[in-house]
Structures are given as structure tokens and as C-alpha cells.
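Novice: Quick one: the structure is below, and I'll ask about it shortly.
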Amino acid sequence: MDKFFHAIFFACGMLSVVFVVGITAYLIASGMPAIFEIGPIDFLLGQIWIPGKGQLGILPFIITSLYGTLGALLVSLPLGICTAVFLSKYAGCRSGYIIRSAVELLAGIPSVVYGLVGMIVLVPAIQSAFGLSSGATLLAAIVVLAVMILPYIVNVSATALDAVPKEYEEGLLALGATRTETYFKVSMRAARSGIATAIIQGVGRAVGEAMAIIMVAGNVANMPELLGSVRFLTTAIVSEMSYASWGSLHREALFSIGLVLFVLIVLVNMLLNVITRRKED
């Protein structure tokens, strides 16, 4: 019986590997031809995206995606970690239940709802506050992304903090440290691998989000400005895949954007894992 279940679990694990390998192979096979035809330098470093004229540079999309993800992390990471510390170490049963329920509700809201609320409430507010012709800007996208990735950071970080052995905290408290010093210097240090996982999940959600962003960012292929309309890698694919003709260089370039997006997410995950392992060593 043990061998039977071992075989089932092994098959499930290998199936996940097969999925990853299959997706990787498909993206490489679909995306590399356009990159070679356009030229890696022109494609990755070109600043003009006009498919009708054969100008297919995606540098504005890459930089915008990086800026948007970094901005969302700068907003949501401190808020998310502080919320996780409160839920794990300070909150009572009633307040903890209410806040955890609210965080879980945020995680379950569809992305199109975030985009709709952002388009109706946030975009007009930014337009009015800064006197812009349109409030659909990179700033609006950053705010929406920050709210969307917040529940992932809170839930995973709180779970990691809950798993820290009480002996670690009690030892430092016995030496005269305050609760705040104990939680931030010991508990968070012991839970850093879980917090890094939370960051990875947040980055993956932010980089891969399309529907909410296309509704609040303006979807214009410009070099990124905080108060300017922009286009992300994901929104470039979503907005143009429907009318890009089959077999055209334009459609192949959209698959290439998907490959670049995939590589970007992998590199960010590898970087965070390396940083976490170095700190543990």
C-alpha cells in the first residue's frame, strides 16, 4: 500500500514538472522565431511599438512592468508585513478573525472587479488631484497592484510567523528585550524564508496581472512616467492578440512578449531565492 501511494505522489510531482517543461518549451518554440527575425537588440531595447510599420520594440513594456511591480511592492510589502505581525503576535481572537476574513476576501475578489473599482474611483481621483487630462496612469496601476498583492503577502507571512517556535521569542524576552524587538529581530528573522515566499507570490501576481491593469493604466506604448499612460507586458498581449493575424510577425512578437514575461518572472524568483539562501547561511 505504501508503494502504491508513493507511486501516486511521485506521479503527481512529476506531472507538475511536465507542465512547467511543456509551457517552457512551447513559449520558446513560439517566441524565439520573432526575436531572431526582428533582432534581439531591436526587440528588447527598441522603444517604438508600431506593428503596422514593423517597429516592434518592447523596452517600454519591460520597464513599465518592472516599475509597476517595484512600486506595488514598495507600497504593499511594509503594510503587509506589519499586518502579518499584528495578526500573528498582537491581535486578539475577535480582531484577528475580522482582519483575516477581510484579507481573505481581498484575495478572492476577481481582478476585473479591482480594475472596475480603480477605473470608476481611483482614475478620476488621480485626474482631479493632479489636474491631468486622464487619470489612467502608472500611479493608478501601482495602487491597484499593491491592493491586489497585499493579501498574498499578509497570509503567507502570517503563516510563517505563526510557525516560529515560541522558545525563540521567550528566550529573548527573558533577556529583557521588548515584544517589538523580539518580533522584528527574532521572529521575522526566523520566518524570512516564508516572507520571501510571500514576496515571490506577490511579484508573480503583479507581473502577471493584465485585466485590472488594462482598465487603469491607459494602455499606451510610452516610456513609463508616474503620471503618464503606460502599457505593461501583459496588457500588450491582451490588447492586441485578438486582432493580430495568424502567421504574421505581429502575432509571433506577442508570443515573444510572453516568453520575455516568463523569463522575467523566473529571474525574479531565482534572485529572491538566492538572497534568501545567502541570509540563511
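Novice: Work out the P(r) tail for segment 64-131: percent of alpha carbon pairs separated by more than 18 Å, whole number. Mind dumping the intermediate values first?
Specialist: Numbers: 1371 of 2278 pairs.
Tail fraction, whole percent: 60.
Novice: Kirkwood Rh over alpha-carbon pairs of segment 88-217, then Stokes-Einstein at 25 °C and 0.890 mPa s: what D in µm² s⁻¹, rounded to an integer?
Specialist: Working: Rh = 16.7 Å.
Roughly 147 µm²/s, to the nearest whole number.
Novice: Report, in whole Å, the centroid distance computed from the Cα atoms of segment 212-281 and segment 85-144.
Specialist: 22
Novice: Can you send over the carbon and sulfur percentage of the accessible area for segment 123-281, probe radius 1.4 Å, protein chains only? List each step's numbers first, then the result.
Specialist: Numbers: 4600 of 7520 Å².
Result for segment 123-281: 61 percent of the exposed heavy-atom area is carbon or sulfur.
Novice: Per q in 0.11, 0.13, 0.16 Å⁻¹, report the Debye log10 I(q)/I(0) for the chain, using one uniform scatterer on each alpha carbon and no solvent.
Specialist: Here the Debye-derived log intensity ratios amount to -0.77, -0.99, -1.25.
Novice: If you don't mind, there's one more thing I want to ask. Report the charge-dipole magnitude of the chain in Debye, nearest 20, computed about the Cα centre from +1 at each Lys and Arg Cβ and -1 at each Asp and Glu Cβ. Could the numbers behind the result be given before it?
Specialist: On the way: 16 positive and 15 negative charges, 79 e Å.
Roughly 380 debye, rounded to the nearest 20.
Novice: Sorted by packing (mean other beta-carbon atoms within 10 Å per residue), highest first, where do 254-261, 211-218, 157-164, 127-134 land?
Specialist: Numbers: 254-261: 22.4, 211-218: 24.8, 157-164: 20.0, 127-134: 11.9.
Most protected by this proxy first, the peptides run 211-218, 254-261, 157-164, 127-134.
Novice: Which value in nm describes the separation of the simple spin-label points at Leu226 and Val274, placed 7 Å from the Cα toward the beta carbon?
Specialist: Going from the Leu226 label point to the Val274 one covers 3.0 nm.
Novice: Hey, if you drop one equal point scatterer on each alpha-carbon of segment 142-183 and run the Debye formula without solvent, what base-10 log of I(q)/I(0) do you get at q = 0.14 Å⁻¹?
Specialist: Values returned for q = 0.14 Å⁻¹ are -0.48.
Novice: Per residue, how much accessible surface does segment 130-281 expose to a 1.4 Å probe? Answer in Å², no decimals. Walk me through the intermediate numbers first.
Specialist: Values: 7130 Å² over 152 residues.
Result: 47 Å² per residue.
Novice: Let me ask something else. Considering the alpha-carbon set of segment 173-240 alone, what are its Rg and its Dmax in angstrom?
Specialist: According to the Cα coordinates of segment 173-240, Rg and Dmax are 19.8, 62 Å.
Novice: Determine the relative contact order of segment 133-281: mean sequence separation of Cα pairs under 8 Å and six or more apart, normalised by residue count, in whole percent. Mind dumping the intermediate values first?
Specialist: Values: 147 pairs, mean separation 43.9, N = 149.
Once divided by the residue count of segment 133-281, the mean separation gives 29 percent.
Novice: So how do 184-196, 141-153 stack up, highest first, on mean other-Cβ count within 10 Å?
Specialist: Numbers: 184-196: 18.2, 141-153: 25.0.
So the order, starting with the most tightly packed, is 141-153, 184-196.
Novice: Quick one: with all protein chains in place, what share of the accessible area of segment 40-118 is carbon or sulfur, to the nearest percent (1.4 Å probe)? Walk me through the numbers on the way to the answer.
Specialist: Working: 3080 of 4210 Å².
Ligands and nucleic acids excluded, carbon and sulfur give 73 percent.
Novice: Based on the alpha-carbon set only, what is the convex hull volume of segment 1-157 divided per residue, in Å³? Walk me through the numbers before you get to the answer.
Specialist: Details: hull volume 32.1 nm³, N = 157.
Taking only Cα atoms, segment 1-157 has a hull volume of 204 Å³ per residue.
Novice: Compute the helix-to-body angle for 192-208: its Cα long axis versus the longest principal axis of the chain, expressed 0 to 90° and rounded to tens.
Specialist: 20
Novice: What per residue convex hull volume, in Å³, do the alpha-carbon atoms of segment 1-77 yield?
Specialist: Details: hull volume 11.0 nm³, N = 77.
Here the figure is 143 Å³ per residue.
The values are calculated or read from the model by the stated rules, or taken from the named source; none is laboratory data. Just so it is clear, the structure is predicted and the values come from calculations on it, not from any experiment. No Cβ is skipped: glycine too gets one built from the backbone with ideal geometry, and neighbour counts run over all protein chains shown. The accessibility values were calculated without ligands, DNA or RNA, using every heavy atom of the protein model including side chains. Shrake-Rupley method; radii C 1.70, N 1.55, O 1.52, S 1.80 Å.
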